[in-house]
Amino acid sequence: MSTKEQELTKGAAFLIEDIAPEKVFTPEDFSKEHQMIAETTRQFVEGEVVPNAERLEHQDWELTVQLLHKAGELGLLAADIPEEYDGLGVDKVSSALITEYMTRGGSFALSHGAHVGIGTLPIVYFGNEEQRKKYLPKLATGEWIAAYALTEPGSGSDALGAKTVAKLSEDGKYWILNGTKQFITNSAFADVFVVYAKIDGEKFSAFIVERTFPGVSTGVEEKKMGIKASSTRQLILEDAKVPVENLLGEPGKGHVIAFNILNIGRYKLAVGCVGGMKGALEVAVKYAKERKQFKQPIANFPLIQQKIANMNIKAFVTESMVYRSTGDIDKQLDSLGDHIDGRTAAKAIEEYALECSVGKVYASEALDYVVDETVQIFGGAGFIQDYPAERMYRDARINRIFEGTNEINRLIIPATLLRKAMKGELALLQAAQGLQQELLGALPMVDESELLGAEKHMLAMAKKIFLFVGGSAVQKYMQKLEEEQEILANLADIVIEIYAMESAIARTLKAMEAGKDAENKVDMVKVYVPEAFVRIEGYAREILAAMEEGDALRTQLAVLRKLTRFQPVNSKELKRRIAARVIEAEKYQA
Amino acid sequence: MNILVCLKQTFDTEERIVIENGKIKEDGVKFVINPYDEYAVEEAIRLRDDLGGQVTVITVGPERAEEALRTALAMGADEAILADDPALFGDEYTAAKVLAAIVKQREFDLIIAGNQAVDDGSGQVAVRLAEELGIPHVSTLTKLEVNGNQVVAHRDAEGDEEIVEASLPLLVTAQQGLNEPRYPSLIGIRKANKKPLTKVTLADLGLSLEDIEARTEITETFLPAPKTAGQILSGDLADQVKELVSALKTKDKVVG
């Protein structure tokens, strides 16, 4: 096929291959156009959303809809919609940047995100020609607002356990839907809902349901912990009459739509978390410079600086991960040519399902860490609603829950790997076998002459640790591994940290090779990689101890020790340097 | 109607100024279209949309200034000219000479520029350009109406409003309040990449270095002294006055 295809990195391949930095997309690779799109989003948010934050937080839906229209005029709703349906059809990096910058306006970003993401994308990817023509141009401008209705009171993570039923009417002209959908974002004002229901209680399928169809209503507004500027209600379907042509995709294939849309939802969520982290860091640093105790700004104190450095590093690592995945998705889509149908596009994105889950878990937990430390830096004021830290703290929490809880996503990671291995898409088992041989001999040493040699060595060892403990677990439990959720979650955490380390290292090396100033990046990698490496060792030890005991365990631990030797760095000093740069700039520093 | 807009790329107004080795540090700084020039771009686009014609944006500045031109194109301008030849850089005198040379190669009815740049704030370049071209100018506009060849311009005259009538060709400068500049839309951004952007050099403009040699020299660049704490005088009123007068004379030397 084309040369483009040869350059593609396969999903999850990073676990068994060395990924060359030049193959990794990084924020330093943003084009001028990307930057301008980010800037327009920033201006829109600062000019239109932020000044209205208070009204939005008090659920002025009319204003929310007005702002969505304005966003539509600027093209901020049209990024993922193809040009033939009045969209812009820009790349996923552009659309990710819009998502990232939108979060600076608080939870209005959720109204925007639900509309352009899970609301609109099922029609983009799975709608037929008539459905796309009818709905997409209106969704591109914001004339109509979209929502997505999958969850039910009785089915959250177990999405396929939905109880909503669709039955064909006697005249064969309508699907009659009955059931209740729960926690539906944008439900107060959405015009179009993508609704999942089981045809005859069996075939899980998706439908496009308009608000004005008979039998469609919404419940009362939920009183949420955070993201209050977004609307969340039940969608109630009582003999709702949905024209037969509004079945989305094939009957009984709703799960294909649901899972594909979740993949996209996940990487978009991760990108949103990056924006949230940068926003929180900015207010935290500014506050730390203003707030004086013991006759000096608290930013002068090393323990505050340590927090600032940690927050900046988390944001950097997450940003490196999510734009790497987004870049991979773009390359995959690019390789398929200009006019690909939606299903092919969704399939291309599915290639990186593992990366989407990895990003989702990491980003949501990184954001929670960052907002928690933001509250801490604000001290007592962090607990008071007049200051921004309090809202950020509450708003962040939902990210670990929706788009698949982090627990579900952790389980998805090893499951996806095993599936890829079984289908022969990933030579995981071969790699694990190869490792057995390698472990008998002498392991490679750190190459001090290389750029970031020590960190690259730790990354290589981390991959071996994963193969070692993962391989042992598969051997021991075989088919029953599924029941060992604790071990699976530990394996997922190792995968996540490997992707995190590698993304940060690759981004830094790429910047250095391009002759860019990468001093701060190098410092961050030198801090982060050993910290992650120690965590990986911990997860591995926990897995081994759960599987073996006595001599067998001691032997396994001896192997692990062989893989985990490293020389610690003076991270105290490095963090002070990183913090100094962030404090000077008063914002996130890559 | 052919409208030319002169703009300058400046520091974002929220950037902090750092001086290193006697020069303002530009690393990692965010640059924007000078806010007053943004009004000029917006006004030109609105006039073009009403009356037809073409908007050309022009800047003298380093390569990075291309971003400012692209932003103007994304807002809706039709064409851009970038004078990024370092031989063309100098002071306000130089900039006006260079712009005049560019403008003379083109047809125009109206030139719009910002009232001043937020970086050095000289407010000279546009009016010097009018002088070079031998056309009238009206500065600090808050409202502009064009009817055929006739122009009615409302200008901010130190807080008062003056209404001035003039005829084309004309140069005007924009004051805050003239309009609310739009954000470049995504479709505008995509189109901007395909719009023509021409770079010009000293030779292209038929200028020689002597023609445009700067008439001023920057001898020192420094930040304002940090603000020191104020002093509250106390005691008998007459004593306070005495103390104040003496402080004004000796401490700050504001009165001789």
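The values are calculated or read from the model by the stated rules, or taken from the named source; none is laboratory data. Just so we're clear, the structure is a prediction, and the values are computed from it rather than from any experiment. Positions of Cβ are generated from backbone atoms using ideal geometry, with glycine treated the same way; all protein chains shown enter the neighbour counts. The area values use the complete protein model at the heavy-atom level, side chains included, leaving out ligands, DNA and RNA. Shrake-Rupley method; radii C 1.70, N 1.55, O 1.52, S 1.80 Å.
Of note:
- Protein accessible area in chain A, 1.4 Å probe - carbon and sulfur %: 51 percent
- Computed with a 1.4 Å probe over protein heavy atoms only, the accessible surface of region A:292-363 comes to 36 Å² per residue.
- Shape category assigned to region B:2-200 from the gyration tensor of Cα positions, a/c cut at 1.5: rounded
- Pairs of Cα atoms farther than 15 Å apart, region A:439-482, %: 56 percent
- Per-q log10 I(q)/I(0), region B:1-90, q = 0.18 Å⁻¹ (Debye; single scatterer per alpha-carbon; no solvent): -0.79
- A loss of 20 Å² or more of accessible area (1.4 Å probe, protein heavy atoms, ligands and nucleic acids excluded) relative to the isolated chain is seen in these residues of region B:151-195: B:Tyr183, B:Pro184, B:Ser185, B:Leu186, B:Ile187, B:Ile189, B:Arg190, B:Asn193.
- Summing +1 for each Lys or Arg and -1 for each Asp or Glu among the other residues whose beta-carbon sits under 11 angstrom from that of A:Pro297 gives +4.
- Between the alpha-carbon centres of region A:547-590 and region A:265-320 there is a gap of 20 Å.
- A simple packing score, the average count of other Cβ atoms within 10 Å per residue, orders the peptides B:89-102, A:269-282 as A:269-282, B:89-102, with the highest score first.
- Applied to region A:320-328, the Karplus parametrisation 6.51 cos²θ - 1.76 cosθ + 1.60 on θ = phi - 60° returns per-residue 3J(HN,Hα) values of 4, 5, 6, 6, 5, 4, 4, x, 5 Hz, with x for Gly and Pro.
- Average other protein chain Cβ within 10 Å of Cβ, residues A:28-39: 4
- Computed [θ] at 222 nm, deg cm²/dmol, the protein assembly as shown (DSSP H ≥ 4; -39,500 (n - 2.57); rounded to nearest 500): -15500 deg cm²/dmol
- Straight-distance crosslink candidates among lysines, where the alpha carbon sits under 23 Å from A:Lys420 and sequence neighbours closer than 8 are dropped: A:Lys4, A:Lys10, A:Lys23, A:Lys253, A:Lys331, A:Lys347, A:Lys360, A:Lys463, A:Lys464, A:Lys476, A:Lys480
- Taking Lys and Arg as +1 and Asp and Glu as -1, the other residues whose beta-carbon sits under 13 Å from that of A:Leu467 total 0.
- Placing unit charges on the Cβ atoms of the charged side chains and taking the dipole of region A:44-141 about its Cα centre, the candidate lying farthest along the positive direction among A:Thr141, A:Leu76, A:Gly119 is A:Gly119.
- Packing around the peptides A:378-387, A:87-96, taken as the average count of other Cβ atoms within 10 Å per residue, puts them in this order, highest first: A:87-96, A:378-387.
- Residues in region B:98-113 reached by a label modelled at B:Asp204 [backbone nitrogen below 16 Å; 7 Å Cα→Cβ]: B:98-107
- Electrostatic dipole magnitude of chain A [Cβ: Lys, Arg +1; Asp, Glu -1; Cα centre; debye, to 20]: 1300 debye
- Hydrodynamic radius (Kirkwood) for region A:65-129, which is based on Cα pairs only, to one decimal in Å: 12.0 Å
- Net +/- balance of residues flanking B:Ser139 in space, Cβ distance below 11 Å, scoring K and R +1, D and E -1: -1
- Cα gyration tensor shape for chain A, rounded if a/c is under 1.5, else prolate or oblate: oblate
- Counting lysine pairs in region B:2-200 whose alpha carbons fall under 21 angstrom apart, excluding pairs fewer than 8 residues apart on the same chain, gives 10.
- Gyration tensor (alpha-carbon) shape descriptor, region B:145-227, a/c threshold 1.5: rounded
- In this structure chain B gives 55 Å² per residue of accessible area when probed at 1.4 Å with all protein chains present.
- Dipole-positive endmost among B:Ile19, B:Ile102, B:His154 within chain B (Cβ charges, Cα centre): B:Ile19
- Mean-position separation - Cα centroids, region B:127-204 and region B:38-86, in angstrom: 11 Å
- Alpha carbon Rg of region A:100-179, scaled by the compact-globule rule 2.2 N^0.38 Å: 1.35
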